Amino acid sequence: MNAHGQHAVMIAGTGLSCALGDTPADAVDQLADGVDPVQVPMGTDGEHQCPLMAWRQHCPGQADGESESERLNRMIDNAVAQAIAPLRDQGIDLSDTAILVGSTSKDIGVTEAAYRADLAAGRLDAPPRYDSRHAGVLLSQLGYGTLASRIANRFRLDGLHWTFNTACASSANAMLYATRLIQAGVIRRALVVGIEFGNLLSLEGFSSLMLISPTTMRPFDRDRDGVVLGEGTGAMLLGRADELDPAPGYEGMRLLGGSTRGDSSSVTTSSQPGIRAVMCEALANAGLAPGDIGAIKVHGTSTPANDLVEGRALREVFGAGLPPFTTLKSAVGHTLGACGPIETILFFESLRRGWIPATSGFRKLDEDIGIAPLDRDLADPGGAIMLNFFGFGGSNTTLLVSREGVR
Amino acid sequence: MRPVYVHASGSYGTRVTEAPADLKAALREQTGHHIRRTNRFIDLALLGGHRCVQDRDLPSSTGIYLATGQGDAASSAEMVRRSHRDGITPMPFEFINVSSNAAGFTLAQSLGLDHVNLMISRRRWSFEMSLQLAMLDLAASQCEMVLLGAVDECAMPLAWHRERLGLAVETAVGEGSHWFLLSREPAHALAEIHPPVFLKDRAALERLLAEHGKSVSHSSTGWNLAQEADGDNDLPGQQLDYLEQAGYYDTNVGAGLDRFLELAAPGDRWLHVEAEYGSGEQAQYAVLEVVRA
């Protein structure tokens, strides 16, 4: 327990299914080799294709004959199975494990596919429906807790479950509240799962807001012009440090919690004061000072407005002592509500190997921001880690992680 | 966790038998403003939230915790249908309105709040689960006060709505937005809410009822439990049936709490029990306990 009588929280397992690979190790192998930023594919005429095509170029592959629901379930099952394997292999009973899911679009992509099939078959007035062959639940596309219930049933996890819907901070908030619930002794273990599955509604929505890059992601770069969407699932099994063995390489790592704050200044763009406030509150909650932070994973969406305010807020909080920072969105795509565990796992897996990945796609300093992310991999500088996640609806979340024995 | 205290409540709730009411006029009357470009789910949240807050000055560290089963199902379904059937892409504000927590954002903006703002969902128990997180944050002083809402919308047509929810065709459906202002401060409170209790099986529920049943003045079953043949057997006290009046929606427990606050005398104690089904199809139970001040 810490000085506040809270249980220490650690990571017992991780799992991943994303554009970079279907395990954390495979994905970080890709990062280690250096990855180009995700980009809208080129057509044969040498011109970039429609940006709405980009997402599908960066999805985990679809097996022959596999339906959309099968692909979604495979993606989720793969990540969750990896995350719980270390404890299951030790024979630990996980039946009381809580589940905290974060997602923005849930399984809308599956419903869209089923609806397209209805339309193709001439059922023009059919309601959007779920592919019930696999989930057994009709029309569950918009039932927010469906994915958590399915994970509970599939893996026989009968603990409590919550689904967080706070836009691109959804699964980061799932991580934050899993940590708080374990710290307070309300639950002993939590499976945190971030899920985002490609769908036309999200693509069209982001496109309507002119947030999709017509070319490629260049976070914090002077020429940045938007996001390229990604999909994937990240899963983390969290538990009490006095009860479980940490995942290999995660020894000494402790989730400290952090802060989540709404920012009602704009529904689409977090404000500089809002981002500054959430970082400061997270530091205060964790009992850390800016100087304790060794590295930062920024949100870094590659949109002109968001990178500007995040960069300026970082300068305000850290001043001349700004630690090295990077973003992973340009490597894996913006996985929206799933980016909490996905980016955290990619970042931590890199740290396990002793380095912090560069920001793929960054080339030129933006003088208006005045700071630059890592443009090449950096040896782990030690210290605590700050993780930023921001979303529509003024959802700002900062998480903090300490590392004992790493200075 | 310790109990928290209800300092205000406000609601909108109705059975729905035909096209649901346009809420803009009621919202304008409540807030004095014409809220533009919001969808009905957001309007529902705003209407209930403002009826709860009225003209109170809330501390800046007031968090918003919005519990829902279906969220913005109506708007999302319509956008999917229009996009795929008609090739009509969403307008920017339409997409923003279905972006996760737009309802909580709009409520926060209208109340001038910049603090915790969460939307928590699951089919049943989303109110109980959100209450648990709110209590956690109140106990840790992350929030001085909490606006806890239970919001679900009735999507049209009703036949599709019932099918989506897996309800029989004759099931009465409704919609509602029930909000409760909570703090750790007992002075001048309307009621005390105990931390929700989650039980693994019927035997655990019966043990709890045996221990606490005598002090209970009113009890209610949630929708799932009411469907069981012996669902309300053994529940102590006077039965407080809110389901008939509210109709089905995932968060109609909010209507039950409203009804208890309205009917109860000081010292009355209400027990609400709702079932959910775990991986083995075995029912689990959430128990909510509220004492009228």
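The values are calculated or read from the model by the stated rules, or taken from the named source; none is laboratory data. Note that the coordinates shown come from a computational prediction; the quantities given were computed from them, not determined experimentally. Virtual Cβ from ideal backbone geometry, glycine too; neighbours counted across all protein chains shown. When the accessible area is computed, the model is the full protein with side chains, heavy atoms only, and any ligands, DNA or RNA have been set aside. Shrake-Rupley method; radii C 1.70, N 1.55, O 1.52, S 1.80 Å.
Just to confirm a number: summing +1 for Lys and Arg and -1 for Asp and Glu over residues other than B:W270 whose beta-carbon lies under 10 angstrom from that of B:W270, what do you get?
Combined, the nearby Lys, Arg, Asp and Glu give +1.
Mind ranking B:E170, A:E112, B:E78 by accessible surface for me, highest first, 1.4 Å probe?
Largest accessible area first, the residues go B:E170, B:E78, A:E112.
Projecting each Cα onto the charge dipole of the protein assembly as shown (Lys/Arg +1, Asp/Glu -1 at the beta carbon, about the Cα centre), which of B:A74, B:S61, B:A246 comes out farthest on the positive side?
It is B:S61.
Would you grab the residues whose amide H sits under 5 Å from the one on B:Y249? Only those 5+ places off in sequence or on another chain, please, with H modelled 1.01 Å from N.
For B:Y249, the qualifying residues are B:G174.
Relative contact order for chain A using alpha-carbon pairs under 8 Å, separation at least 6, rounded to a whole percent?
It comes to 24 percent, rounded to a whole number.
Under 12 Å from the Cβ of A:I182, count the other residues' Cβ atoms, weight Lys and Arg +1, Asp and Glu -1, and hand me the total.
Once all neighbours under 12 Å are counted, the net charge is +3.
Determine the percent antiparallel among the DSSP beta bridges restricted to the protein assembly as shown, to the nearest 5.
70 percent
What accessible area per residue comes out for chain A, rounded to a whole number of Å², with a 1.4 Å probe?
Roughly 32 Å² per residue, with all protein chains present.
Computed on protein heavy atoms with a 1.4 Å probe, what is the summed buried accessible area for the chain pair B and A, in Å² to the nearest 100?
Counting both chains, the buried surface is close to 5000 Å².
Once you order the gyration tensor axes a ≥ b ≥ c over the Cα atoms, which shape class does chain A get: rounded for a/c under 1.5, otherwise prolate or oblate by comparing a/b with b/c?
Since a/c reaches 1.5 but b/c is at least a/b, the shape of chain A is classed as oblate.
Mind checking A:183-192 for the average number of partner chain beta-carbons within 10 Å of each residue's beta-carbon?
Mean number of neighbouring Cβ atoms from other chains: 2.
If you roll a 1.4 angstrom probe over the protein chains with everything in place, what fraction of the accessible area of the range B:4-190 belongs to carbon and sulfur, to the nearest %?
It is 48 percent, rounded to a whole number.
Just the accessible area per residue of the range B:4-190, please: how many Å² with a 1.4 Å probe?
With all protein chains present, the range B:4-190 gives 35 Å² per residue.
HN-Hα J couplings of the range B:11-20 from phi, Karplus 6.51/-1.76/1.60, θ = phi - 60°, integer Hz, Gly and Pro as x?
Along the range B:11-20, the couplings run 8, 9, x, 7, 6, 10, 10, 9, 3, x Hz.
What residues qualify as long-range amide H neighbours of B:A191, i.e. H under 5 Å apart, gap of 5 or more or another chain, H built at 1.01 Å from N?
Residues meeting the amide H criterion: B:V6, B:A293.
Got the relative contact order for the range B:4-190 handy, in percent, Cα pairs under 8 Å and 6 or more residues apart?
This gives 40 percent for the range B:4-190.
Which net charge results when you count Lys and Arg as +1 and Asp and Glu as -1 among the other residues whose beta-carbon is under 11 Å from that of A:G232?
-4
How much accessible area per residue does the range B:192-292 have, counting only protein heavy atoms and a probe of 1.4 Å, in square angstrom?
Ligands and nucleic acids excluded, the figure is 41 Å² per residue.
Got a sec? Which residues in the range B:102-137 would a label at B:Q227 touch, if it sits 7 Å along Cα→Cβ and we count backbone N under 18 Å?
The answer is B:122-127.
For the range A:177-232, which whole-number percentage of the solvent-accessible area (1.4 Å probe, protein heavy atoms only) is attributable to carbon and sulfur atoms?
C and S fraction of accessible area: 50 percent.
Per residue of the range B:104-110, what does 6.51 cos²θ - 1.76 cosθ + 1.60 with θ = phi - 60° give for ³J(HN,Hα)? Whole Hz please, x for Gly and Pro, Karplus curve as stated.
Karplus-based 3J(HN,Hα) across the range B:104-110 equals x, 4, 5, 5, 4, 5, 6 Hz.
Are there residues in the range A:264-291 whose accessible area shrinks by at least 50 Å² when all protein chains are included rather than the chain by itself, and which are they (probe 1.4 Å, ligands and nucleic acids not counted)?
A:S264, A:V267
Mind listing, in residue-number order, the residues in the range B:130-164 that have at least 40 Å² less accessible area with every protein chain present than in their own chain alone (1.4 Å probe)?
At a threshold of 40 Å² (probe 1.4 Å), the residues of the range B:130-164 that become less exposed are B:Q132, B:L133, B:L136, B:Q142, B:W160, B:E163, B:R164.
Amide H neighbours of B:E185 under 5 Å, counting only residues 5+ apart in sequence or on other chains, H built in-plane at 1.01 Å?
HN-HN under 5 Å from B:E185: B:Y5.
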